[in-house]
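Remarks on the structure that follows.
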Amino acid sequence: MKKTLRAGLGSALAIALAGLGASAAQAADTITPDAYYAGTVYLVDGVSLNAATQPLAYDAGVNAIPAVGDIVNKFPIPAGATEAWGFIAPLGMESQASKWNAKAFVALTPGGVWLPDMTPQNQITLGLGSPSGTNAVKAAGGDYSLGLAFTTNSGVTVVKEYYGHIHITAGTGAYTFTTTCNGTLGDCGLATPTPTPTPTPTAGSATQGLSAQVTVPAVVDGLLSLTAPASTTSTIGNATIVNGSSTSTGTLGNFQVQDGRAASKPGWTLTTSNVADFVNGTTTIGKQNLGFAPKNVSGVAATLGAAQVAGTAVYPSLFAQMAAGTAGTSTLDADLTFVAPAGSPSGTYTSTLTVTLVSK
């Protein structure tokens, strides 16, 4: 008894982050830091490649980086922190979450927080400070701090924070951004120029300082995509009688998950999201009779889901997944086993199987 399984593959869209540049060095606001201050933030955007082109529109997309030109490293998660928030706060109230004007939740990811959204308009959760809410801040204007805070107790207690100062024009929301400095950091993370030695007159030599500028190409994200098997139909054949039931075997066919997100590497999840019952004319055999065993073929090995046993299979089921921190191409397949209940009419039974890929 030969059976045919038609496998349809679907994929989820992935957003590529590209075109980010470091803000230019600028004068820092000297502050008296408290015990929670961990440093300044620098803003980058994906349009002008330089968020120091000021003033900035209130809704212009900007992200935070921990050092000038550094779009690779993350803000480290301090011990005890259970969540993170972007925030707007009155000057001097940065470590008092109850005084913030507005905030937005930031997900904690393995290794730290990467490129958190600092767009003022996107700090959409109302704060208890005055004025309350990002729209009220835009309308009132004034001087505020814009930054990233690591907290505990559901955002009530600040553990560590990074921030800079923004100076907002009332009504339009147009603003300028200035880094902060606690004095002991001196340059707030900016590179301190090495003084050029003063040449000492001698009979035949002099010392000259040299300065060389190096540009490092940014690592940017590509796309997450799913490539279907070459054949749109997978055949389950070679039927034999096992314990009185017809048992057929086959494979789904090689297909690829291509993850080009070389910068963020958030990982992905692949599920066998749907299997239809098998039909031959007026006879139907339930999808639980399809056994399904995922396997790695080549490329970056994924963590495979548990095999589904023919007769007791349950769908949807996990096909495979990739942990955060890894990108590249994975080639996958699955062994198929179809068991027809005793007494089922002979013939070709057809079904469809759907595999769905989503980003973590």
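Data overview
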| quantity | calculated |
| --- | --- |
| Subset of region 142-165 that is β-branched (Val, Ile, Thr) and in contact (Cβ under 8 Å) with a residue 60 or more places away in the chain - its residue that is farthest from THR125 (Cα to Cα) | VAL159 |
| Condition met for PHE177 (of a type outside the set (Lys, Arg) and crowded, with 23+ Cβ neighbours inside 10 Å) | no |
| Unique match (being farther than 18 Å from GLY291 by Cβ, of a type in the set (Ser, Thr, Tyr), buried (at least 16 other Cβ atoms within 10 Å of the Cβ) and at pLDDT 85 or above) among SER264, SER246, SER273 | SER264 |
| Condition check for VAL159: assigned to a strand (DSSP E or B), assigned by TED's automatic domain parsing to the domain that holds PHE105, surrounded by 15 or more Cβ atoms within 10 Å (Cβ to Cβ) and of a type outside the set (Phe, Trp, Tyr) | yes |
| Residue match in region 335-356 (condition: part of a loop (DSSP other than H, G, I, E, B) and either of a type in the set (Lys, Arg) or farther than 21 Å from THR249 by Cα (or both)) | no |
| Check on ALA89, in contact with a Gly (Cβ under 7 Å, 6 or more places away or on another chain), assigned by TED's automatic domain parsing to the domain that holds THR151, of a type in the set (Gly, Ala, Ser) and buried (at least 22 other Cβ atoms within 10 Å of the Cβ) | yes |
| Output for region 296-320, where each listed residue is surrounded by fewer than 16 Cβ atoms within 10 Å (Cβ to Cβ) and part of a strand (DSSP E or B) | ASN296, VAL297, SER298, GLY299, THR303, LEU318 |
| Hey, VAL220 exposed (fewer than 10 other Cβ atoms within 10 Å of the Cβ), modelled with pLDDT of 65 or more and of a type in the set (A, V, I, L, M) or not | no |
| Of all residues making up region 52-66, the number that are surrounded by fewer than 17 Cβ atoms within 10 Å (Cβ to Cβ) and at pLDDT 85 or above | 4 |
| Residue tally, condition within 12 Å of VAL68 (Cα to Cα) and at pLDDT 85 or above, over region 21-51 | 4 |
| Test: residue in region 169-180 that is modelled with pLDDT of 95 or more and of a type in the set (Phe, Trp, Tyr) | no |
| PRO110 being surrounded by fewer than 16 Cβ atoms within 10 Å (Cβ to Cβ) and touching a residue at least 40 places away in the same chain (Cβ under 8 Å) | yes |
| Subset of region 134-156 (residues that are surrounded by fewer than 23 Cβ atoms within 10 Å (Cβ to Cβ) and small (Gly, Ala, Ser)) | ALA136, ALA139, ALA140, GLY141, GLY142, SER154, GLY155 |
| Residue match in region 79-87 (condition: out of contact with any Leu (no Cβ under 6 Å at 6 or more places or on another chain) and acidic (Asp, Glu)) | yes |
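The values are calculated or read from the model by the stated rules, or taken from the named source; none is laboratory data. What you see is a predicted model; the values in this text were computed from it and never measured. Methodologically, a virtual Cβ is constructed for each residue, glycine included, from the backbone with ideal geometry; neighbour enumeration extends over all protein chains shown.
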